[in-house]
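Below is one structure, written out as structure tokens; comments come after it.
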Amino acid sequence: MNYILILYTAYLLVTIVLTVWVAHTLFKNGQMFLVDIFHGNKELAEAVNNLLWVGFYLVNIGYAVYTLKTYDLVDNTRQLVEVLSLKLGAIILILGGMHFMNMFIFFRLRKRALIDKRGNNHYDYRNDPENLGTYRVNIPNE
């Protein structure tokens with residue numbers, strides 16, 4: 001029995017299924033954040049969401065294929081499970097890290113959108129070349 005082929009097949013199947021599930025969840029639930037960030041512009045939010053979805057697939061599946069090869073000895077079922085768990089654990093950590101990175105970016109953009117709505121200001125990067133996005137609006141105490 002060739003354990004390496006079983007390992008590679010199981011790794012790719014689980015990784016692709018997990019990536020599709022996470023991408024679908026982020027796509028479905030991220031839409032409302034993007035609509036809010038883009039001040040109700042649903043077409044722009046949908047376009048950005050689609051681009052994020054494609055990028056998520058490319059990065060995760062690309063990394064999974066790139067790290068497919070193993071140099072570990074896999075001669076029995078126990079070693080197969082151990083190597084598979086290490087490889088899947090790495091993918092799950094990467095998916096989790098990308099999820100939290102997306103959440104961090106969404107919340108920063110949403111905060112900026114709320115500041116813009118409150119102050120009736122719109123961020124223009126051309127007026128802020130030194131700070132590159134550290135846009136602040138002083139809101140008087142109410």
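Throughout, read-outs are computed from the coordinates displayed, never taken from laboratory work. A quick note: this is a predicted structure, and the numbers were derived from the prediction, not measured. In this analysis, Cβ positions are derived from the backbone assuming ideal geometry, glycine residues included, and neighbour counts consider all displayed protein chains.
Of note:
- A full extension of the chain between residue 17 and residue 82 corresponds to an added length of 21.4 nm, given 0.36 nm per residue minus the alpha carbon distance.
- Two-decimal log10 I(q)/I(0) for segment 67-113, as the Debye equation yields it once each C-alpha is a single scatterer, q = 0.26, 0.30 Å⁻¹: -0.90, -1.01
- Checking every one of the chymotrypsin sites (Phe, Trp or Tyr not before Pro) in segment 16-111 against DSSP loop status and a limit of 13 other Cβ atoms within 10 Å picks out 71.
- Sequence-ordered 3J(HN,Hα) estimates for segment 77-90 from the Karplus curve with 6.51, -1.76 and 1.60 and θ = phi - 60° stand at 5, 4, 5, 4, 5, 5, 5, 4, 5, 5, 5, 5, x, 5 Hz, glycine and proline given as x.
- Model label zone, residue 31; criterion: amide N under 17 Å from point 7 Å along Cα-to-beta-carbon; scope segment 84-110: none
- Across segment 15-20, rounded Karplus estimates of 3J(HN,Hα) from the backbone phi angles (6.51 cos²θ - 1.76 cosθ + 1.60, θ = phi - 60°) give 5, 5, 4, 5, 5, 5 Hz, Gly and Pro being marked x.
- Whole-Å semi-axes of segment 3-127's equivalent ellipsoid (Cα gyration tensor): 40, 13, 11
- Under-27-angstrom lysine pairs by C-alpha in segment 3-127, whenever the two are 8 or more apart or on separate chains: 6
- The alpha carbon centroids of segment 23-53 and segment 74-99 are separated by 31 Å.
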